[in-house]
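No lab work stands behind these numbers, since they all come straight from the coordinates. Keep in mind the model is a prediction, meaning the values are calculated, not measured. As a convention, Cβ positions derive from the backbone with ideal geometry for all residues, glycine included, and neighbour counts pool all protein chains shown.
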Amino acid sequence: MFDRPPPSKPVAQAADATPDGADSVERLCRLYDARLTAAGGRLSPDDARDLKTMAGLYGLDSDRPAVEVWRDLRRVIVAQTSGSAEGAAPRPAEIAVVGGDLEPLTLLVVEDDAEVAADLTELLTEAGHRVVGPFHSAAAAEAAAALHAIDGALLDINLSGATTGGELAEVLTRRWDIRVIFISGDAEAAARYAPLAEALVLKPYTGPQILAAAARLGRPG
């Protein structure tokens, strides 16, 4: 287990309109354009789940063919990175304060096990936090970080795509100063990226362990 002292005050990262943010969105566009073209408009279950999650962040109807959902989502996120009002990030819902002196946080969740991701999202949401995700791939998560104000990220280390959670953490911390908590059963892999993380929660974990780790991102020192 490794951790760091929490900062005196949580700082939400603003949605990014810098070249880094545009670059992340451009990579996501290339990825989904290519996959939809190659598969005749169909996506893998994991990619379809990420697409539905991203569409939900903007209130888009995801109960349509993937090509239609991606067409509308693509227009919104490209407009947002170009500074158009049409693509403005949605305002986070008003959430009650999370017990005691803690404030609700906007947390990026990246976990490639669908069942674990759903349970983690439910746990954080019921605790009063706003979840951006969950995503199974680093590409979708990186684009979401470029487009939304994020207080912190909960990342699995071993993701299903080419990019690991550790590599994603490097991008999140370098580009947007997003603070990271690793959630993994691979302590050796997590240790390699220890300087990037506020804490490591080993699998299998309990709900209180997750909430205690998330609290480190928002508890005054």
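Order by neighbour count: Tyr205, Tyr32, fewest other Cβ atoms within 10 Å first, most last.
Tyr205, Tyr32
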- Residues whose built amide H sits under 5 Å from the amide H of Val131, excluding neighbours closer than 5 in sequence, are Leu107
- Task: Quick one: net charge around Thr206, please, counting Lys, Arg +1 and Asp, Glu -1 for every other residue with C-beta under 15 Å from its C-beta.
- Result: -2
- Least to most buried among Thr173, Thr37, by other C-beta atoms within 10 Å and fewest first, runs Thr37, Thr173
- Query: What is the fewest-to-most order of Glu103, Glu198 by other Cβ atoms lying within 10 Å of their Cβ?
  - Reply: Glu103, Glu198
